[in-house]
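Any read-out appearing in this document is the output of simple, stated calculations on the displayed coordinates, not a laboratory observation. Keep in mind it's a predicted model, so treat the numbers as computed, not measured. Because the Cβ atoms are built from the backbone with ideal geometry, glycine has one as well, and the counts that use them run over all protein chains shown.
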Amino acid sequence: MVDFLKAFPFVTMEDYKWKLSVPMIRLMAIDNTHINYLSEKQVAMKNTKVVDGNDEKSIKNDFGMVVLGSDHKDGESGLESD
């Protein structure tokens, strides 16, 4: 209790005892001030996607549909038939 009141001087003893709930106190006690910034290399690694060029079925768009290359037949739809 004393450490909490030292960390938050705007909270009075009465507020701590009678106005704040236990979940509210625990939420206030979490320290969210430490931010870890990624380096340029880490950002580039995080944003890369692994694509196996040998397997044409592994390349999918955002909707999960297989993206076909230029060598597909005209009648193919590009949807997988599982």
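Rank-order 18-28, 32-42 by packing density, defined as the average count of other C-beta atoms within 10 Å over each peptide's residues, highest first.
Top to bottom by mean Cβ count within 10 Å: 18-28, 32-42.
Could you go through region 14-19 in sequence order and give the Karplus-derived ³J(HN,Hα) for each residue, using 6.51 cos²θ - 1.76 cosθ + 1.60 with θ = phi - 60°, rounded to whole Hz, and x for Gly and Pro?
For region 14-19, the Karplus-derived couplings read 5, 4, 4, 6, 10, 9 Hz, x marking Gly and Pro.
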